[in-house]
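Single-structure report; data block below.
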Amino acid sequence: QVPLVESGGGLVQAGDSLRLSCAASSTFRRYAMGWFRQAPGKERDFVAAISWSGDSTYYADSVKGRFTISRDNAKNTLYLQMNSLKPEDTAVYYCAARMGVGVYVRDYNYWGQGTQVTVSS
């Protein structure tokens, strides 16, 4: 098991920024990590992923240039910096872990409980 706990969500206005965090256990550095989101009535979608070392990152086209994924292996923490937020970014955001980076929900073995992000227009 890889316990994952997201935080940092909230209610913001369009154009604002938020930084999500995902706290993990000491095994964190072994895993590639990803952020996914799920809006009401929709499937869970890929947002961003990062390799275990942080050297490689991947983004969904919808967030490229606005969101930045990063990690601090010394602190066992994953981050998602979200800038220029839009109402369509409203969703529950989940962090996830797996061996080897992936961009599909089915690739990931371990999931957090999610944190709500709401962007008002």
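The values are calculated or read from the model by the stated rules, or taken from the named source; none is laboratory data. From a predicted model like this one, the values you see are computed outputs, not experimental measurements. In this analysis, Cβ positions are derived from the backbone assuming ideal geometry, glycine residues included, and neighbour counts consider all displayed protein chains. Just so you know, the surface numbers come from the protein's heavy atoms only, side chains and all, with ligands and any DNA or RNA stripped out. Shrake-Rupley method; radii C 1.70, N 1.55, O 1.52, S 1.80 Å.
Which residue is most open to solvent (accessible area, probe 1.4 Å), if the candidates are limited to region 46-81 and must be over 10 Å from the mean Cα position of the chain (by Cα) and among the aliphatic types (A, V, I, L, M)? Don't jump to the end; show me each part of the working.
As a first pass, look at region 46-81 and keep what is over 10 Å from the mean Cα position of the chain (by Cα): 51-66, 71-77.
Subset that is among the aliphatic types (A, V, I, L, M): 60, 63, 74.
On the way: Ala60: 17, Val63: 0, Ala74: 90 Å².
Among those that are over 10 Å from the mean Cα position of the chain (by Cα) and among the aliphatic types (A, V, I, L, M), it is Ala74.
Take the residues in region 1-29 that are open to solvent by 30 Å² or more (accessible area, probe 1.4 Å) and hydroxyl-bearing (Ser, Thr, Tyr); name whichever of them is nearest to the chain's Cα centre (by Cα).
Ser7
Go through the residues of region 5-12 one by one and say whether even a single one is of a type in the set (A, V, I, L, M, F, W, C) and without any contact (Cβ under 8 Å) to a residue 40 or more places away in the chain. Give the derivation first.
Going through region 5-12, the residues of a type in the set (A, V, I, L, M, F, W, C) turn out to be 5, 11-12.
Okay, now just the ones that are also without any contact (Cβ under 8 Å) to a residue 40 or more places away in the chain, so none.
The answer is no, given that none of the residues of region 5-12 is of a type in the set (A, V, I, L, M, F, W, C) and without any contact (Cβ under 8 Å) to a residue 40 or more places away in the chain.
So which residues in region 82-98 are within 11 Å of the chain's Cα centre (by Cα) and within 23 Å of Asp55 (Cα to Cα), if there are any at all?
As a first pass, look at region 82-98 and keep what is within 11 Å of the chain's Cα centre (by Cα): 82, 92-97.
Passing the criteria: Met82, Tyr93, Tyr94, Cys95, Ala96, Ala97.
Quick one: would you say Ala32 is farther than 20 Å from Gly8 by Cβ, open to solvent by less than 60 Å² (accessible area, probe 1.4 Å) and among the hydrophobic types (A, V, I, L, M, F, W, C)? Reasoning before the result, please.
Numbers: farther than 20 Å from Gly8 by Cβ: yes; open to solvent by less than 60 Å² (accessible area, probe 1.4 Å): yes; among the hydrophobic types (A, V, I, L, M, F, W, C): yes.
Yes, satisfied.
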